[in-house]
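Chemist: Would you mind keeping the following structure in view while I ask a few things?
Only the coordinates and a few stated rules stand behind these numbers; no lab work does. All values reported here derive from a predicted model rather than from experimental measurement. Please note: Cβ atoms are built from the backbone with ideal geometry, for glycine as well, and neighbour counts cover all protein chains shown.
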């Protein structure tokens, strides 16, 4: 793993292993995530890439049998230490899921949910501002500005996913984790999301899990290839796709298995 | 991340999570989280505590209902000069003969002779009955003097237990003199209702419950299972089937007292049909009418449980049987029904437990009579355990409080056993495919 | 003949029919060149069905007819002329005569009953033998007919199966018959009530005192509004104030926070609350809760507080309903997709924020339906209010005062010594009809809501 950036990494994982009960899902993964970058995790399904993603904002805590060892830091702070507050952590490290999961509330309330619970808006006007800004950044504003009170579940699949991105942005995170955000969408909606990821990367560190190698190649600057719970190779996306150093990576990229 | 936003909305300053205000806010949120969790825990604990308190109250009130205080009564039978032939005592007419010989008066005279006149009665109403049984068991007693332990009056019993201030000194004196002892009250399980709390028992009501449950089962089980089979396996999709389904679902939610009104109007009422007076169809106050009424009440429970059980049998089993040429009836009765039986039985037991604990509809169809002799058959006037509890609960005397709670404990043990059996069955036979 | 003996005899004839039918079919099978269409045992069932079914049907019809026949026969007796004209008394006398006739040990209190007893016994015997003879004859005739029809081509199986199907259909029609029976009998008696009491007096009158009914204007003391209020106040307000928070919070704690082991133990424990018979709750309410509530009221400065307060009955009823609300809430919360929960948690919401702002709003329709069903259960609950609530019909907002309910009044009206056709007894049916209609509506609405809600997530 080369370290091209002189600045400290936004997030770093060192020797991370995850197990569910006696089943080990992730073995000894070390990786760095930087600002202004999109990092893609690729690999065949069941390789542990989603599991690893969930350790980055401690969503694995919701599974009682999950156990995480190793060290993950955000701006140098250990996120699994007892000082780290999981509520703040998740506000700083947002997440977008595989299937769009807007709350059964209005579009406005979906976006306002995070600022409300975290107390980020001092007034109604400030909240309106956050909602508008988030929806704009998610590229959804023009489509929904006249029907902010409609239910979020009434939107199309692609719009729902952008709403979920807006919802994540509204909390003003530093890192956004995306777990196969386009796997439930049609190609046109997928293209829109990819475009959006491209625009967002200037503001946030983005980590995206995908099983679609073309997508990884299109949107990311760094790529990590996972296989059987291990990180096989991690590097600049261009290098991974053109000159993989590992035989397994090459086999996967050329479609030998997956 | 601090770049100005290019869009129309005003850009916002990045969130600083480390500020004092923010930290305070988060502490407040966590406090709320803990409070919320605590409320949940409290709700569970208080609900369980209520159950525990209820059981505790019943046990502390009721355990003494299983005991009975007896008083030593010296009886000088030869001196009583009863006009009775010892040979008569082993005939069926013994009871009548002993009553004719004024045994009851002689027994109370014996108490008077032994203890003198007291401000409270010493003997239970059932005391002379115990003497009667002793005489019937051993006719030679007629020529002997004998000390018998007979049930003491409820005042003495409660005085001894510290619940009756008026009788307490006397009871204490008798107890210290060794004239009183308290033992297991076998009569509680073999006697029936009485006006004297010392003499009451649950056998009559229990037998009534048994007879009623038998009727309920014999009607509700076959009808429930057969309709479940029809609805699940054969019913065509049409308005009639919908009507049946709607009826069953609604019947399951109809208040039980409405079934009492139904029983009263349909089974016990009479009306004219083509000029002939018809009805009442069933005898009032009997286990038969109670059983039929409860059967209608729990039938929907059995139907719904049976349908779920039948639904749980995989279609592959039906296909396999149909594939080797079985008829649709044979498929159901040879293959589906046996596999669904544990689920059906579980539902039936739960329904029967509900019927066993039910009171309200039975009050309306006359099963609240004062029943001194246990019912001999399905058409005799009868009462059931919950109704007996209800009747006793109206009595204010302390003795009846004990008996009511004791009867409740017996009822709860039965219901617990039935529900436990249902849970056991459900766990044991949980889907094997 | 003893009815049980008769049933056994018919069953025995059925068994003989089964055996002989099967034997005959087997003989044909062995002897003839033709193959049997159905199995020998199916021929057995065919004969047995023919032997048993018509006889049983006849027994059922006869059992419902013969009491009236006996009655008519007894009324022919010369002594019957002396029977009182008033129907209720006459029925009582006839019932006594019947009891004496059937039980040699019983003694008649009324000489007239004793006089009629032999006639009753004779009539009963006559009709009993008639009925038994016809039933047995029918069993023989049916069996013989079926036996004689056995031949190789006979489609015994499909014939028997057709009858089985008919039985299944009849069994499932009983649900409709019961519903109809409830509705029609309540409606019928209520209509008779409304002939005597204007429906507006009943539905909107605010004075309820069935103990004193003016014959000229019975509606004046049969205004049910206080009962409706008491039912609503106890069942839908006080009981729900206990059941909703406790049920909901228990469900939330057990599904969202509790360790699996705790859940495995506590869930059945709470369900036990639903298995306790209502008479036990009623006794507990009257014996323990009501005095405690009264003491509390006296402490609070209400020296004349009722010992049959609305609060005592409502509290205990609420506890009884807890498991009901809890299991409905449990189901609806479990039906909310995990993705919702994850979505909220991933934004840094605490667990309680996720539950109260995302899960509960999403589960709301299911919870509302559960509460509606719980209300319908509470207002139909009888024993707790019969034992712990008062009979005095008050319209009050003070939970320490007494209030009465529809169900309690039904029981009170029908367990007195009133004649059957008086406005007082008929009022019970009008109350029953009201209760039936309201619980039915609540259930229909609740089921609609649940159905819509399920569709939303499927």
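Chemist: For helix C:423-457, what angle does its Cα long axis make with the longest principal axis of chain C, in degrees from 0 to 90 and rounded to 10?
Modeler: Long axis of C:423-457 versus the principal axis of chain C: about 70 degrees.
Chemist: Roughly speaking, what is the stretch gain from residue C:109 to residue C:398, that is 0.36 nm per residue apart minus the C-alpha to C-alpha distance, in nm to one decimal?
Modeler: 99.0 nm
Chemist: Right, something else. With angles folded into 0 to 90 degrees, how steeply does helix C:3-31 sit against the dominant principal axis of chain C? Use alpha carbons for both and round to 10.
Modeler: So the helix axis and the longest Cα principal axis differ by about 60 degrees.
Chemist: Rounding to the nearest 10 and keeping the result within 0 to 90°, find how far the Cα-based axis of helix A:107-118 lies from the longest principal axis of chain A.
Modeler: Its long axis makes an angle of about 70 degrees.
Chemist: Next question, about the same structure. Relative contact order for chain B: what is it in percent, counting Cα pairs under 8 Å that are at least 6 residues apart?
Modeler: 18 percent
Chemist: What number do you get for the range B:203-429 when its Cα radius of gyration is normalised by 2.2 N^0.38 Å, N = residues?
Modeler: So the Cα radius of gyration is 1.17 times the expected 2.2 N^0.38 Å.
Chemist: A further question on this structure: Ratio of alpha-carbon Rg to the 2.2 N^0.38 Å globular estimate for the protein assembly as shown, to two decimals, please.
Modeler: Working it through for the protein assembly as shown, the quotient is 1.21.
Chemist: I've got another one for you. Of A:109, C:214, how do they rank once you tally other Cβ atoms within 10 Å and put the fewest first?
Modeler: C:214, A:109
Chemist: Rounded to whole Å, give me the distance from the Cα center of the range B:105-166 to that of the range A:25-61.
Modeler: The distance from the Cα centre of the range B:105-166 to that of the range A:25-61 comes to 87 Å.
Chemist: Here's a follow-up. Would you please give the FRET efficiency between residue B:239 and residue C:272, computed as 1/(1 + (r/R0)^6) with r the Cβ-Cβ distance and R0 = 45 Å, to the nearest 0.05?
Modeler: Working from the Cβ atoms, E equals 0.65.
Chemist: Using a 7 Å offset from the Cα along the Cα-to-Cβ direction at both residue B:414 and residue C:151, what is the distance between the two label points in nm, to one decimal?
Modeler: The answer from the label model is 5.7 nm.
Chemist: Length gain on complete extension for the stretch residue B:218 to residue B:181, per 0.36 nm per residue less the alpha carbon to alpha carbon distance?
Modeler: Stretched out fully, the residue B:218 to residue B:181 stretch lengthens by 8.8 nm.
Chemist: Calculate log10 I(q)/I(0) of chain B for q = 0.07, 0.08, 0.09 Å⁻¹, where I(q) comes from the Debye formula with a single equal point scatterer on each Cα and nothing for solvent.
Modeler: The Debye formula, applied to the Cα set alone, gives -0.58, -0.70, -0.80.
Chemist: Roughly how many nanometres apart are two label points built 7 Å out from the Cα toward the Cβ at residue A:221 and residue B:56?
Modeler: 6.7 nm
Chemist: Between B:184, B:39, B:390, which gets the highest mean-square fluctuation from a Gaussian network model of chain B, Cα cutoff 10 Å?
Modeler: Answer for the Gaussian network model of chain B: B:39.
Chemist: With all pairs of different alpha carbon atoms counted, what Kirkwood hydrodynamic radius in Å does the range B:64-184 show?
Modeler: Mean inverse Cα-Cα distance, inverted, gives 14.9 Å.
Chemist: Please give, to one decimal in nm, the separation of the simple spin-label points placed at residue C:364 and residue B:134, each 7 Å out from Cα toward the Cβ.
Modeler: 7.5 nm
Chemist: Plugging the Kirkwood radius over Cα pairs into Stokes-Einstein for the range A:11-254, at a temperature of 4 °C and a viscosity of 1.567 mPa s, what D comes out in µm²/s?
Modeler: D, rounded to a whole number, is 70 µm²/s.
Chemist: Let me ask something else about it. Which value in Å is the Kirkwood Rh of the range C:299-391 over different Cα pairs?
Modeler: 15.8 Å
Chemist: Another question, if that's okay. Per Stokes-Einstein, at 37 °C and 0.692 mPa s, what whole-number D in µm² s⁻¹ belongs to the range B:1-138, with the Kirkwood radius over Cα pairs as the hydrodynamic radius?
Modeler: 141 µm²/s
Chemist: Which ordering of B:18, A:201 is given by a fewest-first count of other beta-carbon atoms within 10 Å?
Modeler: Least to most surrounded, the residues fall as B:18, A:201.
Chemist: Residues of the range B:43-87 with the amide nitrogen closer than 17 Å to a label point 7 Å from the Cα of residue C:261, along Cα-to-Cβ, please.
Modeler: Hits in the range B:43-87 for residue C:261 at 17 Å: none.
Chemist: Report the FRET efficiency, 1/(1 + (r/R0)^6), for residue B:326 and residue C:35, where r is their Cβ-Cβ distance and R0 is 22 Å, rounded to 0.05.
Modeler: Once the sixth-power term is evaluated, E becomes 0.75.
Chemist: Sequence gap at least 6, Cα distance under 8 Å: using those rules, report the relative contact order of chain A to the nearest whole percent.
Modeler: 28 percent
Chemist: Kindly put B:256, C:309, C:158 in sequence by how many other C-beta atoms sit within 10 Å of each C-beta, fewest to most.
Modeler: With the fewest neighbours first, B:256, C:309, C:158 line up as C:158, B:256, C:309.
Chemist: Turning to a different aspect of this structure: Given the rule -39500 (n - 2.57) for each run of at least 4 DSSP H residues, summed and divided by the residues of chain A, what is its mean residue ellipticity at 222 nm, to the nearest 500 deg cm²/dmol?
Modeler: Dividing the helical sum by the residues of chain A leaves -10000 deg cm²/dmol.
Chemist: On to the next question. Can I get the semi-axes of the range C:3-154's equivalent ellipsoid? Compute them from the C-alpha gyration tensor as square roots of 5 times the eigenvalues, in angstrom, largest first.
Modeler: So the three semi-axes of the range C:3-154 are 48, 12, 10 Å.
Chemist: Largest first and in whole Å, what are the equivalent-ellipsoid semi-axes of the range C:218-457 based on the Cα gyration tensor, each being the root of 5 times an eigenvalue?
Modeler: 37, 21, 15
Chemist: Which value, in nm² and rounded to one decimal, describes the direction-averaged projected area of the C-alpha convex hull of the range B:294-403?
Modeler: One quarter of the hull surface, i.e. the mean projection, equals 9.7 nm².
Chemist: Shielding of B:53-59 by partners, i.e. mean partner chain Cβ atoms within 10 Å per residue?
Modeler: Mean partner shielding for this stretch: 4.
Chemist: Compute from the Cα atoms of the range C:204-250 the Rg and the Dmax, the latter being the longest Cα-Cα distance, and quote both in angstrom.
Modeler: Considering the range C:204-250 through its Cα atoms, Rg and Dmax are 16.3, 54 Å.
Chemist: Right, next: Pick from B:93, B:187, B:204: which is most flexible by mean-square fluctuation in a GNM of chain B where alpha carbon atoms under 10 Å apart are linked?
Modeler: Looking only at B:93, B:187, B:204, the largest GNM fluctuation is found for B:93.
Chemist: When you have a sec, figure out the Kirkwood radius of the range C:1-90 from all distinct Cα pair distances and drop it here in Å to one decimal?
Modeler: Result for the range C:1-90, one decimal place: 16.6 Å.
Chemist: On to the next question. Need one number for the range A:151-258: average projected area of the convex hull over its C-alpha atoms, nm².
Modeler: So the mean shadow area of the Cα hull is 7.6 nm².
Chemist: Work out the FRET efficiency for residue C:212 and residue C:441 from their Cβ-Cβ distance, taking R0 = 35 Å, and round it to the nearest 0.05.
Modeler: About 0.60, to the nearest 0.05.
Chemist: In Å³ and rounded to a whole number, note down the convex hull volume per residue for the Cα atoms of the range A:94-150.
Modeler: Cα convex hull per residue, to the nearest whole number: 94 Å³.
Chemist: So, one more: Quick one: length gained pulling residue A:69 to residue A:36 fully straight, 0.36 nm per residue minus the C-alpha distance?
Modeler: Computed gain between residue A:69 and residue A:36 is 9.1 nm.
Chemist: Also, I was wondering about something else. Rounded to whole Å, give me the distance from the Cα center of the range B:224-249 to that of the range B:34-82.
Modeler: Their Cα centres are 46 Å away from one another.
Chemist: Hey, another quick one. Identify which of B:242, B:193, B:125 has the largest mean-square fluctuation in a Gaussian network model of chain B, with springs joining Cα atoms closer than 10 Å.
Modeler: In the Gaussian network model the winner is B:242.
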